[in-house]
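Note sheet for the following structure.
The values are calculated or read from the model by the stated rules, or taken from the named source; none is laboratory data. Because the structure is a prediction, the values reported are computed rather than measured. For neighbour counting, all protein chains shown are included, and Cβ atoms are generated from backbone atoms with ideal geometry for every residue, glycine included. Just so you know, the surface numbers come from the protein's heavy atoms only, side chains and all, with ligands and any DNA or RNA stripped out. Shrake-Rupley method; radii C 1.70, N 1.55, O 1.52, S 1.80 Å.
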Amino acid sequence: MSGFVALIGRDLRLAWRSGSDALTLVLFFVMVGVIVPFAVGPDPVLLKTLAPGIVWIAAFLAMLLGLDRLFRDDFDDGTLMAMQHAEAPLALLIAAKVIAHWLLSALPLLIASPVLAMLLAMDVSTFLRTVLSLLLGTPALTALGTIGGAVTVSLRRGGLIAPVLILPLAVPVLIFGVSAIAPAMSVNSATTALLLLGALSLFLLVLAPFAAALALTVSED
Amino acid sequence: MSPVHGTPEDAPPRAIAVAGLGIERGGRTIIADLNFVVPRGEAMLLTGPNGAGKSSLLLALGGFIRPLAGRIDYVGRDAETRPFADVHFIGHRPAIKPRLTARENLQFMAALLGGPVGDVAAALVTVGLSHAADLDAGYLSAGQTRRLALARLLVAPRPFWLLDEPTAALDDEGAGLVARLIDAHLADGGVVIAATHHDLGLAANPESLALVALE
Amino acid sequence: MSVETAPPSTGNWFSRLAHPGQFMVWSGKFVWPLAILTTIVFGFGLWFSLFASPEDYQMGDTVRIMYVHVPNAWLSQAVYGLMAVSALGTLVWRHPMADVSMKAAAPLGAVFTALALYTGSLWGRPTWGTFWEWDGRMTSTLVMLLIYLGIIALWRAFDDQLRAARIVAVFTLVGAINVPIVKFSVDWWGGLHQPSSVLRSGGVSIAPAMLTALLTMVVAFTLLFITLQLVRMRSEVRNRRIAGLKARAARSVR
Amino acid sequence: MIPSGANLQFIYGAWGGVVVATVLLIAWIWLEAVRTRRAVAALEANLPARPAEPTA
């Protein structure tokens, strides 16, 4: 059990010391939001209707971008082998990695989302619903990202393949996430979307550690 | 976790036994029909040219590679420990994070590898890194990083040791440290299998298995 | 690599002057005088901009936001210019202090750019009705902020700050070439969609008293930047000394 | 005269924001200077026997 806590603590401390990973992720998230008006024009009314979709796509891509670094460092410096010989089962350690990854990628995005909301002229109620749906949806993205990261860790050029691999699996998260906010949806279908999103997250959070553990043990050194 | 310090007389049998072991790497069979037993309190040195399969054998013993054929048995492994939670595998990569201090690295390893809470400070003193305990590990030299990796053996006592060239990047004084660590572990009834290019200078002369590069 | 304190014997006075050890000696003498000078000029600046200058005939007192917006907008460009020159210093003239000044300036540039955005959005708020308007100049300031933050992230991504210096210098120069292009295209894009807003056409008629207030504030903020840059550079030199000392501590006899 | 008129809150908002940000910036840089000065002093104080090679 102590390995579980130690792993989360270590990852948070490492991220705090360098700080560049979290900053890069937030910058990417904001930049995706910033470039959309360049493409579709700055008309606030248009931006307002697109805003939930833009925020979700930005969070979606930013989370997938960050997943390659999940196991890459531990694989390269041999910590992964020590983790396979740890006292706690590998799946439990990976659950710790999922939590640490969520704290280091989804949380910074949530904190940065007001910036995007302002840029895209979102009104407060839509913004609050967006934050809620992001809160429920990002765990699913983290879980899928963990599986993607584990599957591609031993690939020399794994960096690009992982997001492409995981994106199709994450489509339901995007669908439920955006429909939970979209103004066009009636109230109860929006809440259903939100509930489904939560269910999806819970399911994937349980599946990911075991799937990723299997992927790591099978990917022979 | 069976205590390592079982008294010799009634000590439970403990050994690493390999029978008919075959390993293939990159499509090539590099080890075929290998048999040996390393009983409690004994060490075995794997020698042979590069590519003879020393590292691959250790990886197979550590459960990282699935052997082509044959069996690897850890005799004396008690039921409730997880399969490899009683094995220390120290390979070429030290598992050290440059941005953590030496102490933080070791504390993480102690928590990860579990077992009775080994004293991190004492381990740092034994491997001669106490003066650098609060420096980022990135400042350590290759030799010092290797010592930090070896310190893991002290903070989480485990009966079976698999060491891949433990004296790499170490000076004579460092090699002496490795010999002392292994001697102490053997005296405690541990089992050590180490791949090495030169004599480790152990007290009891260990068995040695020369792996020959196949075809 | 620890910082030698003995200056190189050869080389013109400029390279001797800029040697880290020598830099620490002469820069120490400048910090407090500069700080006092900055405070004095700010005193005048505040007096002029808040009290001794008239309202704008159109916007009334809202124009006073200009006195904090323009200096920050000017610094957001000027600091990047300094970073570009420092980048040249690092890559071309191998000036020992160039990458120190480049690294020290990045966060300052980011803060001034962010303040330019903040004050700009508040200044535009009465006319636009929202805090953010995709107006050409404001958007290019936003892109500028993203470039600054990107450079800061790049600095922090490296373990070895000395190797980082040359790589960040290359990116800073590439950035310097592209910033005018970005500004032109964003302004052009802004103009495409927008009736010219007050900010853009500079509809503010500058009365003489306003001009003195504005110039004083610009000078005050610039002095503030120079003082902070000097202090940050000194801290950066010390950071390198710390890294050297730690490396020696690790290697020293047990 | 003290600024007045319709958009008072934006004037104070802008100026207030700038003042607060500048004060925070100065404080952060000041703390950074103090921290590094102390660290250098501490490291130089307990620097063990000077190793043979020059401090090049």
Item to check | Output for the stretch B:34-54, where each listed residue is of a type outside the set (Lys, Arg), buried (at least 21 other Cβ atoms within 10 Å of the Cβ) and within 15 Å of the chain's Cα centre (by Cα) | outcome: B:Val38, B:Ala43, B:Leu45, B:Leu46
Next on the checklist: Out of the helices (runs of 4 or more DSSP H) lying entirely within the stretch A:62-167, which hold 3 or more residues that are open to solvent by 30 Å² or more (accessible area, probe 1.4 Å)?
Outcome noted: A:69-77, A:107-119, A:124-152
Next on the checklist: For the condition within 8 Å of chain C (Cβ to nearest Cβ), touching a helix residue (DSSP H, G or I) at 6+ places or on another chain (Cβ under 9 Å), buried (at least 17 other Cβ atoms within 10 Å of the Cβ) and part of a helix (DSSP H, G or I), what is the one hit in A:Val26, A:Val30?
Outcome noted: A:Val30
Item to check | Residue under evaluation C:Ala114, criteria (1) more than 30 Å from C:Ile206 (Cα to Cα); (2) open to solvent by 20 Å² or more (accessible area, probe 1.4 Å); (3) within 14 Å of chain D (Cβ to nearest Cβ), criterion not met | outcome: (1)
Item to check | Enumeration of residues in the stretch C:129-161 that are open to solvent by less than 20 Å² (accessible area, probe 1.4 Å), within 7 Å of chain A (Cβ to nearest Cβ) and more than 30 Å from B:Arg99 (Cα to Cα) | outcome: C:Trp134, C:Leu142
Next on the checklist: Quick test of your reading of the structure: B:Pro157 fulfils all but one of (1) touching a Leu at 6+ places or on another chain (Cβ under 7 Å); (2) crowded, with 18+ Cβ neighbours inside 10 Å. Name the failing condition by number.
Outcome noted: (1)
Checklist entry - On the given criteria, is B:Ala122 surrounded by fewer than 21 Cβ atoms within 10 Å (Cβ to Cβ) and among the small types (Gly, Ala, Ser)? => result yes
Item to check | Residues satisfying the stated conditions in the stretch A:1-23, i.e. outside any helix (DSSP H, G or I) and touching a residue at least 60 places away in the same chain (Cβ under 8 Å) | outcome: A:Met1
Checklist outcome for this item: Considering the stretch B:68-106, residues that are hydrophobic (A, V, I, L, M, F, W, C) and open to solvent by 60 Å² or more (accessible area, probe 1.4 Å), and then whichever is farthest from the other protein chains (Cβ to nearest Cβ), we arrive at B:Ala79
Next on the checklist: Within the stretch B:6-33, take every residue that is outside any strand (DSSP E or B) and open to solvent by 60 Å² or more (accessible area, probe 1.4 Å) and give me the one that is modelled with the highest pLDDT.
Outcome noted: B:Pro13
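Here is a yes/no grid of residues against (1) open to solvent by 10 Å² or more (accessible area, probe 1.4 Å); (2) β-branched (Val, Ile, Thr):
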position	(1), (2)
C:Ser53	no, no
C:Asp56	no, no
C:Met59	yes, no
C:Val70	yes, yes
C:Trp74	yes, no
C:Trp93	yes, no
C:Asp99	yes, no
C:Pro107	yes, no
Item to check | Test: residue in the stretch B:195-209 that is in a loop (DSSP other than H, G, I, E, B), within 14 Å of another protein chain (Cβ to nearest Cβ) and not acidic (Asp, Glu) | outcome: no
Checklist entry - Restricting attention to the stretch B:32-84, which residues are out of contact with any Phe, Trp or Tyr (no Cβ under 8 Å at 6 or more places or on another chain) and among the aromatic types (Phe, Trp, Tyr)? => result B:Phe36, B:Phe84
Item to check | Number of the exception - D:Leu24 against (1) open to solvent by less than 40 Å² (accessible area, probe 1.4 Å); (2) at pLDDT 90 or above | outcome: (1)
